[in-house]
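In what follows, a structure is listed as structure tokens, so that the remarks can point back to it.
The values are calculated or read from the model by the stated rules, or taken from the named source; none is laboratory data. Small disclaimer: the values here were computed from a predicted structure and weren't measured. Because the Cβ atoms are built from the backbone with ideal geometry, glycine has one as well, and the counts that use them run over all protein chains shown. The area values use the complete protein model at the heavy-atom level, side chains included, leaving out ligands, DNA and RNA. Shrake-Rupley method; radii C 1.70, N 1.55, O 1.52, S 1.80 Å.
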Amino acid sequence: MALQNKKSLGQNWLTNRDILIDIADTASADGVSEVLEIGPGLGTLTSALFKFFDKVTAIEIDEKLAANLPKSFPGKNLTVINKDVLNVDLSTIDLPEKYVVAGNIPYYITSPIIQKFIQAEHRPIKIVLLMQKEVAERLAAEPGDYSILGLSTQIYAKVTLGQVVKREFFTPPPKVDSQVVVLEPRETPLASESTIALIKLGFIAPRKKLISNLTVGLRLPKSELQDYFAKLQLSENVRPADLSIAEWSALEKLVHKH
Ligand code: SAM
């Protein structure tokens, strides 16, 4: 099949066997024989995944690609679902208790894909995704560099960075480099829904001082927030990106107690 591509669907093909095997190896886990692949495209990662898993369920939005995929894997336990991954109801897929998710995903829906799987009722034990390097770094950020995306991901999953894949390895090459990210969904989130709501308010103006954003967002007198900040030994100069998840949770408890 010619390497045709639809730019709007983020179709940049990866063919380097060593990189693909490394991604599939990273996705493998003891006692897990099934993987859910997002965006199999021409099936190069699918092929590597079959080295580590007995069964692959692949979700591909492109009708032609979805129809062609089984032809490349005769005799293999492959199920192809021709749908938008964001519209797939996971409860309708036949998945074992323990499964993993893997994919070289289209950049335009990285964030909703992550939120869908880390918050799913039947969560995978591991999610291994190749994505834009800059987004990977935001997901793995630490206090000082946090964003809403980084915080809301780390609250639900442990984030680890994997190998960087230079743009030249893709056909056609995208404008940016990529990086592997490993997400391990937590059994219990590190913070509550109301802490996440507070984080969103706190980031109204990401570069401004957190105390100013919260004064406006919570409609509280500044003196009250100064009091909470003092209790938590937080400088009044901190920006939204500076707080750890534990500090956000502690702040939320003070704000909602009053
Ligand atoms: N896995 C292949 C590889 O590594 O060469 C293809 C990766 S390509 C970056 C992204 C793939 O996701 C394409 O096959 C594209 O058609 C598919 N895709 C794009 N949007 C999708 C969506 N909303 N749901 C499912 N698949 C999607």
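Of 166, 133, 231, which has the most accessible area with a 1.4 Å probe, and how do the rest follow in descending order? Mind dumping the intermediate values first?
Values: 166 100, 133 60, 231 120 Å².
My answer, sorted largest first, is 231, 166, 133.
Sort largest first and round to whole Å: the equivalent ellipsoid semi-axes of segment 193-255, each the square root of five times a Cα gyration tensor eigenvalue.
Working: eigenvalues 38, 35, 29 Å².
Semi-axes (√(5λ), whole Å): 14, 13, 12.
With the chain treated as a Gaussian network of Cα nodes joined by springs under 10 Å, which of 185, 40, 173 yields the largest mean-square fluctuation?
Highest fluctuation of the listed residues: 173.
Would you work out what percent of the accessible area of the chain, with all protein chains in place, is carbon or sulfur (probe 1.4 Å)? Show your work: numbers first, answer last.
On the way: 6330 of 12820 Å².
That fraction is 49 percent.
Any chance you could tell me what percent of the C-alpha pair distances in segment 106-199 go past 22 Å?
Values: 1203 of 4371 pairs.
The share of Cα pairs beyond 22 Å in segment 106-199 comes to 28 percent.
Helix-only estimate, please: 222 nm mean residue ellipticity of the chain, summing -39500 (n - 2.57) across DSSP H runs of length 4 or more and dividing by its residues, to the nearest 500.
Numbers: 10 runs with 90 residues, N = 258.
One gets -10000 deg cm²/dmol as the mean residue ellipticity at 222 nm.
Probe of 1.4 angstrom, ligands and nucleic acids ignored: what's the accessible area per residue over the chain, in square angstrom?
Working: 12820 Å² over 258 residues.
The answer is 50 Å² per residue.
Using the Karplus curve 6.51 cos²θ - 1.76 cosθ + 1.60 with θ = phi - 60°, work out ³J(HN,Hα) for each residue of segment 230-242 in order, rounded to whole Hz, and write x for Gly and Pro.
5, 4, 8, 6, 9, 5, 6, 8, 5, 9, x, 5, 8
Report the net charge of residues surrounding residue 59, where surrounding means a beta-carbon distance below 12 angstrom and charges are Lys +1, Arg +1, Asp -1, Glu -1. Please report the intermediate quantities before stating the final value.
Working: positive: 83, 116; negative: 37, 60, 62, 84, 89.
It works out to a net charge of -3.
Given all pairs of different Cα atoms, what value in angstroms does the Kirkwood hydrodynamic radius of the chain take?
Averaging 1/r across every pair of different Cα atoms and inverting gives 19.8 Å.
Test of understanding: express the Cα radius of gyration of segment 1-47 as a ratio to 2.2 N^0.38 Å, with N the residue count. List each step's numbers first, then the result.
On the way: Rg = 12.4 Å, N = 47, 2.2 N^0.38 = 9.5 Å.
Relative to the 2.2 N^0.38 Å estimate, segment 1-47 comes out at 1.30.
Using heavy-atom solvent-accessible surface (probe 1.4 Å) with all chains present, what is the largest-first order of 253, 175?
Greatest to least solvent exposure: 175, 253.
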